[in-house]
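What follows is one structure encoded as structure tokens, with my remarks underneath.
The values are calculated or read from the model by the stated rules, or taken from the named source; none is laboratory data. Note that the structure is predicted; figures quoted are calculated from it, not measured. Heads up, the Cβs are rebuilt from the backbone with ideal geometry, glycines too, and the neighbour counts pull from every protein chain shown. Ligands, DNA and RNA are excluded from the accessible area calculation, which covers all protein heavy atoms including side chains. Shrake-Rupley method; radii C 1.70, N 1.55, O 1.52, S 1.80 Å.
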Amino acid sequence: LHLGLASTPACLTSTAPGSRARHAGERVHDSTTYSSLATMAMIARARGLSAVARGLMPVCAPLQQSRLPGAPARAPGLQRRFFSAPSREQIAKMPNEEWAEAFKKATVDLASMDIHGITYEESAQRMRELLKTGLLRHTDLQSNPERFFLAHRLLALHAPMLGPGFWIRFTVHYNLCAGSVLGLGTPEQVAYLDEMQEQGHLGCFSLTEKLAGVSSGLVVNTVADWDAASSTFNLHSPDRGAFKNWISQGICADRTVAVADLKIEGKSFGPHAFLMSLREGGKPVAGVTTGDMGRKTVGNDLDNAWIQFDKVKLPKSALLSRYADIEGNQYVQKVKGMPVFHMIGQRLFTGRVAVAQAALMFRKKLFDLTQEYADNKQCWAPKGTVPLSNIPQLKAIFAENARKAADMEAFVGKCEAQLCTVLRDNGQPKLPLVEAIAVAKVKAVEESITMCHRLQNEVGSYALMSGTGFEQKDFLTCCKFAEGDSRVLMQKMSRDRVKIFEKSDKPSPEAIQADPELRLCDHLSKAVAADKKGGWDNEFEAVYELAEVIMARTVKEFMAS
């Protein structure tokens with residue numbers, strides 16, 4: 001049973017023995033369909049699945065009415081998508097509460113998306129339609145960042161039913177692709193984002209490679225060689241290890257921000273970002289080859305691609321040149337002390353907040369759906385029946401989650417509020433905010449993984465049912481390695497802290513033993529001194545233990561500031 005219409009019930013698409021073959025997507029409306037759906041709704045209500053019953057019964061009525069020959073029949077949520085967007089001026093003046101309602105209306109049809117049967121192109125077309133409404137402008141990331149984060153949260157509420165595919169498609173376009181142009185581009189390059197929006201052109205972000213994935217940091221082997229004679233770049237993957245890898249929306253995107261090592265006469269100037277055409281007229285441009293990463297546990301409505309660049313000619317204007325450019329065949333850093341690769345990493349800050357909030361929203365929706373079921377599911381008791389939610393272990397986990405979620409939402413919310421101020425001022429976040437955002441991403445995701453897993457193992461066979469949200473739990477796995485893998489971030493926290501410890505005046509032995517953070521720093525420092533090659537890796541458990549201590553302190557200090 002599916003909650004609402006997350007997937008089309010099988011009885012709407014199946015072909016009876018001996019009947020004619022039906023076209024893809026054709027719906028069958030007959031007495032058997034009506035009877036089957038009505039029965040499913042009755043069973044759902046009897047089992048306490050009120051959300052399921054409410055989703056199914058509205059489907060039954062129009063089906064029952066449409067049994068006359070020639071009568072049109074479409075179930076609610078399966079109609080042709082239509083949304084009349086307000087004008088750009090109206091959208092800009094909307095209070096965020098009103099805007100949120102408009103965004104919900106524009107995305108309500110996602111609930112009817114068949115994530116098991118939809119093609120990449122169909123899913124991408126939904127994204128194009130949402131983009132062209134103009135409800136969220138590319139520039140909102142700077143001019144109205146609260147709206148940017150709100151959109152991500154609203155879409156994440158669909159994740160327990162739809163999985164991670166559409167949410168990732170959305171954030172890759174708005175945050176990673178358009179956000180990189182906003183942060184790294186000149187005014188002329190930023191202005192191009194309006195054209196992308198009006199035409200419904202989708203973007204992706206080509207950073208990770210086969211030999212440099214999410215655990216590698218900002219490492220790229222793709223090369224952009226400057227050709228002085230033609231004033232162009234040759235974008236090239238020198239070997240298979242340099243193929244871009246796991247590029248979300250990489251098969252359907254029209255544009256990409258490709259990150260490559262900029263070289264002039266063989267000299268490397270490090271990773272730089274290039275805005276380029278990936279497809280024209282739906283076909284890859286010359287020199288670009290893409291391939292599908294294959295079927296996944298979840299999110300198969302999203303295209304994940306590998307991309308090879310074979311001496312692709314890019315104009316000089318492709319280089320996002322707000323901070324660096326080529327003048328007279330010479331590399332020029334426009335802003336001293338601001339390396340481009342640092343600015344490429346700026347997208348990680350907005351992304352980490354969005355990912356943290358998405359994990360929290362997925363968790364909230366999953367707990368809400370399960371609580372509704374558990375409140376209505378009656379269980380035997382010596383005298384009568386009791387709701388499943390009254391079972392001690394379930395009652396306890398619901399209460400524990402409510403407390404922890406409230407604390408984490410407050411912490412992540414404060415990170416968002418401070419980051420919004422920085423974004424609106426077009427500034428750079430200070431170190432305490434950078435550290436807090438990294439902690440927010442790790443803690444919100446890891447805590448959500450733990451709480452959802454515990455809930456799954458306490459609620460019984462309900463957690464095995466399709467449409468409950470538990471089958472989409474790998475959404476949280478995607479959150480774990482997105483915008484900075486949790487383990488990599490924790491490694492960095494500990495390594496940075498140990499370096500500070502080693503450069504500072506060493507505390508007394510008594511002070512070290514009395515403070516868990518100092519004790520772990522001292523232990524790791526000695527381990528590395530004794531074995532420079534393997535000491536750190538051998539002590540990986542202490543590394544992550546130190547990170548946990550650092551994160552607890554960071555949350556406490558940040559919330560008190």
Filter pass, ARG295 being surrounded by 17 or more Cβ atoms within 10 Å (Cβ to Cβ) and over 16 Å from VAL220 (Cα atoms) | no
Filter result for PHE205 (under 17 Å from the mean Cα position of the chain (by Cα) and assigned to a helix (DSSP H, G or I)) = no
For GLN308, are the conditions met, namely being of a type in the set (S, T, N, Q), without any contact (Cβ under 8 Å) to a residue 12 or more places away in the chain and open to solvent by 30 Å² or more (accessible area, probe 1.4 Å)?
-> no
Looking only at the range 252-274, and only at residues there that are closer than 15 Å to VAL288 by Cα and either assigned to a strand (DSSP E or B) or of a type in the set (A, V, I, L, M) (or both), the one that is most open to solvent (accessible area, probe 1.4 Å) | ARG255
Within the range 433-468, which residues are of a type in the set (A, V, I, L, M), out of contact with any Leu (no Cβ under 8 Å at 6 or more places or on another chain) and open to solvent by less than 40 Å² (accessible area, probe 1.4 Å)?
-> VAL434, ALA436, VAL439, ALA440, MET451
So which residues in the range 439-487 are β-branched (Val, Ile, Thr) and closer than 14 Å to MET361 by Cα, if there are any at all?
-> VAL445, ILE449
Would the range 156-173 turn up any residue that is closer than 12 Å to VAL355 by Cβ and of a type in the set (Ser, Thr, Tyr)?
-> yes
Boolean, LEU162 is out of contact with any Phe, Trp or Tyr (no Cβ under 7 Å at 6 or more places or on another chain), surrounded by fewer than 21 Cβ atoms within 10 Å (Cβ to Cβ), under 21 Å from PHE475 (Cα atoms) and touching a residue at least 24 places away in the same chain (Cβ under 8 Å) | no
Taking into account only those residues within the range 275-292 that are closer than 29 Å to LEU162 by Cβ and part of a strand (DSSP E or B), which is most open to solvent (accessible area, probe 1.4 Å)?
-> LYS283
Keeping to the range 516-537, report how many residues are of a type in the set (D, E, K, R) and within 30 Å of VAL353 (Cβ to Cβ).
-> 1
Those residues that are open to solvent by less than 60 Å² (accessible area, probe 1.4 Å), part of a helix (DSSP H, G or I) and in contact (Cβ under 8 Å) with a residue 24 or more places away in the chain, I need them from the range 403-432; list them, please.
-> ALA405, MET408, ALA410, PHE411, VAL412, LYS414, CYS415, GLU416, LEU419, CYS420, LEU423
Members of the range 318-353 found to be closer than 27 Å to ARG279 by Cα, touching an Asp or Glu at 6+ places or on another chain (Cβ under 8 Å) and either among the β-branched types (Val, Ile, Thr) or surrounded by fewer than 21 Cβ atoms within 10 Å (Cβ to Cβ) (or both), listed by number | none
Residue check for ARG147: modelled with pLDDT under 95, under 25 Å from the mean Cα position of the chain (by Cα) and not acidic (Asp, Glu) = no
Taking the range 186-212 on its own, how many of its residues are of a type in the set (Gly, Ala, Ser) and touching a residue at least 40 places away in the same chain (Cβ under 8 Å)?
-> 3
For ASP227, which of the numbered conditions (1) on the phi < 0 side of the Ramachandran plot; (2) within 18 Å of the chain's Cα centre (by Cα) fails to hold?
-> (2)
Quick one: in the range 173-229, of everything that is in contact with a strand residue (DSSP E or B) (Cβ under 7 Å, 6 or more places away or on another chain) and polar (S, T, N, Q), which residue is surrounded by the fewest Cβ atoms within 10 Å (Cβ to Cβ)?
-> ASN221
Can you pull out the residues in the range 230-244 that are within 19 Å of VAL219 (Cβ to Cβ), open to solvent by less than 20 Å² (accessible area, probe 1.4 Å), of a type outside the set (Lys, Arg) and in contact (Cβ under 8 Å) with a residue 60 or more places away in the chain?
-> LEU235, SER237, PHE243
Filtered residues of the range 538-561 (kept if exposed (fewer than 12 other Cβ atoms within 10 Å of the Cβ) and part of a helix (DSSP H, G or I)) | GLU541, LYS556, ALA560
Give the range 469-513 a look and list any residue that's open to solvent by 80 Å² or more (accessible area, probe 1.4 Å) and either hydrophobic (A, V, I, L, M, F, W, C) or in a helix (DSSP H, G or I) (or both), or say none.
-> PHE481, ARG487, LYS492, ARG495, LYS499, ILE500, GLU502, LYS503, PRO509, GLU510, GLN513
Restrict the check to the range 269-280 and report whether at least one residue is among the polar types (S, T, N, Q) and under 21 Å from CYS479 (Cα atoms).
-> no
Name the single residue, out of those in the range 372-402 being among the aromatic types (Phe, Trp, Tyr) and at pLDDT 95 or above, that is surrounded by the most Cβ atoms within 10 Å (Cβ to Cβ).
-> TYR373
